[in-house]
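**Q** Structure incoming, see below.
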């Protein structure tokens, strides 16, 4: 499953870095994957933050269905 959070970011259980159905945050341009505790910079104008916090921020403005919300919850709660 993949959920687009922003033009450059998605949560995915299909990326090779994902295992056992645990989603990873994927940069769509570089295909680099991040776990919840990894430090990311979403955009050059943003500060660095743990990926779990970054996903919470992205999810606030993303239009997510029930499955998308469940994937976000699974990522931020790990």
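**Q** Per the Kirkwood definition applied to all pairs of different Cα atoms, how many angstroms is the hydrodynamic radius of the chain?
**A** Here the Kirkwood hydrodynamic radius works out to 12.1 Å.
**Q** Could you work out the relative contact order of the chain, using alpha carbon pairs under 8 angstrom and six or more residues apart, expressed as a whole percent? All intermediate terms of the calculation are to be shown ahead of the outcome.
**A** Working: 119 pairs, mean separation 20.4, N = 78.
Dividing the mean separation by the residue count of the chain yields 26 percent.
FYI, it's all coordinate maths here, none of it is from the lab. What you see is a predicted model, and the numbers here were worked out from it, not measured in a lab.
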